[in-house]
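First the structure, in the form of structure tokens, and then the observations on it.
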Amino acid sequence: MAYERKEISIEKIREQEAVCAEIRKLICVGEKPPLAMVDTYGCQQNEADSEKIRGYLAEMGCGFTQDEFEADIIVVNTCAVREHAEMRVLGNVGQLNHSKKAKPNQIVAVCGCMVQQEHMAEKIKRSYPVVDLVFGPHDLWHFPELLLRVLTKKKRVYATERCDGYVIEGMPQRRDGTVKAWLSIMYGCNNFCTYCIVPYVRGRERSRLPEEIVAEARELVAAGYKDITLLGQNVNSYGKDLDCEVDFADLIEMINEIEGEFLIRFMTSHPKDATEKLFKTMARCEKCAHQLHLPVQSGNNRVLDAMNRNYTAEKYLKKVEIARSYMPDLVITTDIIVGFPGETDEEFEDTVKLCDTVRYDAMFTFIYSKRVGTPAAKMPDAATREQKQVRFDKLLSAANKVSAEKHAEYEGKTVRVLVDGTTGKEEYNLSSRTNGGRLVHLHGDESLIGKFIDVKISSSNTWALYGEPVKE
Ligand code: 5AD
Ligand code: SF4
């Protein structure tokens, strides 16, 4: 069935802002403003969603805290990609009993991908009476209305509409940083990789209009942001659902034309849709970082097919080769799933071989986690947890060795970095990133935050580089 694009009109968002004003009257009664805590799990898309939740909360007159015992409103924004993240959320939500006991009027909301799964929403209803409000990603836009219902009706509210998702513009946002910003360019996913829950909880792929994205990028640059990450589950299929002719490479080009000194990054790229045009555009656009997160998931063709990834190891390697031919300095990172159902030791060795060939700058490795309702959950899975752990440990130590070697190649060199924050440490008090996204710790004045500077790298390890600013 064809996907029908649904938009939430700006009038509806304005109505939500009017509800924020109503809530403000109800909760801003004391001398001090009420405090909210937003706890975020999972990916950058969730970070971006939390900035919208904070935007609404700020309009309700809330200040912010990280202390659950201080908070009047707690919002836990959850992830469903792996069981481990869900267990952490449930553990932490259970712990909120203590803060609620001390503060009986405290409101606890749980939102995000985890509760968009019916069985998880049910579990919270049944076993977590501390939770007052549950809403999924499709219901975030009317969070104020849902919260008002909790406040006035004094009963628990659940909103986990099953739908393909909306495109929403104009929601208030309260961004976390001053140097780096997330910019969602599309939502949802159509790929249905057989292990993945995302298409079920975040709906179909839908792109924001290019003019809306460019306008937001322009605002970010004008506000002084220097590092803009374009977000989507698969940015390479940007625009396929729109009537206009703009694809992802064109979008990069449009943002690159905005005046000012800033970097464009993006994630995530699906290898099947990564084109030569994209690599050429990345190489040509001087503001586009030479950084590519290209999740391979496995190096074995049978496993890739069972995962429904739509490429082979050979095709993947060819794309890496083309990308590097345009950008010899390209930093490449990847995601890998170890122990997909049916993966044998021999098949796993193909993943090790592929990683040896590519030599990733960094790898994110995960042990397969069964997700209810996905096709892979029904596949026979003979390998034991211990066998999977052995594979995982082997891959991780190989990955760490390559990262350390790649980092060591920077020693003695001078690199341009963007200083983005403090580390809380004395010796290397500032953190920064190279154009390719490598982490560089350095010592310097805090006034350097938000500036592009040259740094001479003196030492390194698997995770980071260390250096000194070069005097100009
Ligand atoms: N089990 C383990 N890892 C998973 N990922 C997605 N689904 C699962 C799962 N069921 C990993 C993939 C993806 C990353 C965001 O999370 O590697 O690229
Ligand atoms: Fe999940 Fe695959 Fe979509 Fe990524 S591309 S979100 S792994 S279904």
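Could you please find all residues in segment 82-91 being of a type in the set (A, V, I, L, M, F, W, C) and surrounded by 14 or more Cβ atoms within 10 Å (Cβ to Cβ)? Show your work before the answer.
First, the residues of segment 82-91 that are of a type in the set (A, V, I, L, M, F, W, C): 85, 87, 89-90.
Within segment 82-91, 85, 89, 90 qualify.
In this structure, does residue 69 turn out to be open to solvent by 60 Å² or more (accessible area, probe 1.4 Å), closer than 22 Å to residue 182 by Cβ and touching a helix residue (DSSP H, G or I) at 6+ places or on another chain (Cβ under 8 Å)?
no
Can you confirm whether segment 211-230 contains a residue that is within 15 Å of ligand 2 (Cβ to nearest atom) and either touching a residue at least 40 places away in the same chain (Cβ under 8 Å) or not assigned by TED's automatic domain parsing to the domain that holds residue 139 (or both)?
No, every residue in segment 211-230 fails to be within 15 Å of ligand 2 (Cβ to nearest atom) and either touching a residue at least 40 places away in the same chain (Cβ under 8 Å) or not assigned by TED's automatic domain parsing to the domain that holds residue 139 (or both).
Report every pair of residues separated by at least 6 positions or lying on different chains whose Cβ atoms are under 8 Å apart, first residue within segment 420-432 and within 13 Å of residue 445 (Cβ to Cβ), second in a loop (DSSP other than H, G, I, E, B) and of a type in the set (A, V, I, L, M).
Between residues of segment 420-432 that are within 13 Å of residue 445 (Cβ to Cβ) and residues that are in a loop (DSSP other than H, G, I, E, B) and of a type in the set (A, V, I, L, M), the close pairs are 422/449; 430/449.
Here's a check for you: in segment 179-190, which residue that is in a loop (DSSP other than H, G, I, E, B) and either within 16 Å of ligand 2 (Cβ to nearest atom) or modelled with pLDDT under 95 (or both) is surrounded by the most Cβ atoms within 10 Å (Cβ to Cβ)?
So the residue we want is 188.
Filter segment 332-346 down to residues that are in contact with a Phe, Trp or Tyr (Cβ under 9 Å, 6 or more places away or on another chain) and either open to solvent by 30 Å² or more (accessible area, probe 1.4 Å) or on the phi < 0 side of the Ramachandran plot (or both), then give me how many there are.
Residues in segment 332-346 being in contact with a Phe, Trp or Tyr (Cβ under 9 Å, 6 or more places away or on another chain) and either open to solvent by 30 Å² or more (accessible area, probe 1.4 Å) or on the phi < 0 side of the Ramachandran plot (or both): 10 in total.
Can you give me the number of residues within segment 353-366 that are farther than 18 Å from residue 309 by Cβ and open to solvent by less than 50 Å² (accessible area, probe 1.4 Å)?
2
With (1) of a type in the set (S, T, N, Q); (2) in contact with a helix residue (DSSP H, G or I) (Cβ under 8 Å, 6 or more places away or on another chain); (3) open to solvent by 40 Å² or more (accessible area, probe 1.4 Å); (4) not assigned by TED's automatic domain parsing to the domain that holds residue 194 as the list, and residue 387 as the residue in question, which single condition is left unmet?
Result: residue 387 fails condition (4) only.
Looking at residue 306, is it buried (at least 17 other Cβ atoms within 10 Å of the Cβ), free of Cβ contacts under 8 Å to residues at least 60 places away in the same chain and assigned by TED's automatic domain parsing to the domain that holds residue 388?
Against the criterion (buried (at least 17 other Cβ atoms within 10 Å of the Cβ), free of Cβ contacts under 8 Å to residues at least 60 places away in the same chain and assigned by TED's automatic domain parsing to the domain that holds residue 388), residue 306 does not qualify.
Looking at segment 400-421, can you tell me whether even one residue there is open to solvent by 40 Å² or more (accessible area, probe 1.4 Å) and closer than 25 Å to residue 271 by Cα?
Checked segment 400-421: at least one residue is open to solvent by 40 Å² or more (accessible area, probe 1.4 Å) and closer than 25 Å to residue 271 by Cα.
Quick check, is residue 311 part of a loop (DSSP other than H, G, I, E, B), within 16 Å of ligand 2 (Cβ to nearest atom) and more than 19 Å from the chain's Cα centre (by Cα)?
yes
Looking only at residues that are part of a loop (DSSP other than H, G, I, E, B) and of a type in the set (S, T, N, Q) in segment 447-472, which one is most open to solvent (accessible area, probe 1.4 Å)?
So, considering only residues that are part of a loop (DSSP other than H, G, I, E, B) and of a type in the set (S, T, N, Q), the one most open to solvent (accessible area, probe 1.4 Å) is 461.
Starting from segment 362-373, take each residue that is outside the structural domain of residue 297 (by TED's automatic domain parsing) and list its partners that are part of a strand (DSSP E or B) and surrounded by fewer than 18 Cβ atoms within 10 Å (Cβ to Cβ), counting only C-beta distances under 6 angstrom and pairs at least six apart or across chains.
none
Working only within segment 22-37, note down all residues that are open to solvent by less than 10 Å² (accessible area, probe 1.4 Å) and under 28 Å from the mean Cα position of the chain (by Cα).
36
Any residue that is touching an Asp or Glu at 6+ places or on another chain (Cβ under 7 Å), assigned by TED's automatic domain parsing to the domain that holds residue 234 and open to solvent by less than 20 Å² (accessible area, probe 1.4 Å) - is there at least one of those in segment 309-326?
yes
Conditions tested, residue by residue: (1) of a type outside the set (Lys, Arg); (2) over 24 Å from the mean Cα position of the chain (by Cα).
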| site | (1), (2) |
| --- | --- |
| 101 | no, yes |
| 109 | yes, no |
| 113 | yes, no |
| 122 | yes, yes |
| 136 | yes, no |
| 139 | yes, no |
| 151 | yes, yes |
| 155 | no, yes |
| 178 | yes, no |
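Given (1) under 30 Å from residue 340 (Cα atoms); (2) away from ligand 1 (no atom under 16 Å from the Cβ), identify the lone condition not met by residue 214.
(1)
For segment 198-211, which positions are open to solvent by less than 10 Å² (accessible area, probe 1.4 Å) and within 16 Å of ligand 1 (Cβ to nearest atom)?
Listed by number, the residues that qualify are 199, 201.
Could you identify the single residue in 328, 341 that is in a loop (DSSP other than H, G, I, E, B), more than 24 Å from the chain's Cα centre (by Cα) and within 24 Å of residue 81 (Cβ to Cβ)? Walk me through it before giving the result.
Working: 328 fails: within 24 Å of residue 81 (Cβ to Cβ).
Only one candidate passes the filter, namely 341.
For segment 32-79, enumerate the residues that are under 30 Å from residue 235 (Cβ atoms) and small (Gly, Ala, Ser).
42, 48, 50, 55, 58
The values are calculated or read from the model by the stated rules, or taken from the named source; none is laboratory data. Since this is a predicted model, take the numbers as computed values, not measurements. Positions of Cβ are generated from backbone atoms using ideal geometry, with glycine treated the same way; all protein chains shown enter the neighbour counts. We work out accessible area using only protein heavy atoms, side chains counted, and drop any ligands, DNA or RNA first. Shrake-Rupley method; radii C 1.70, N 1.55, O 1.52, S 1.80 Å.
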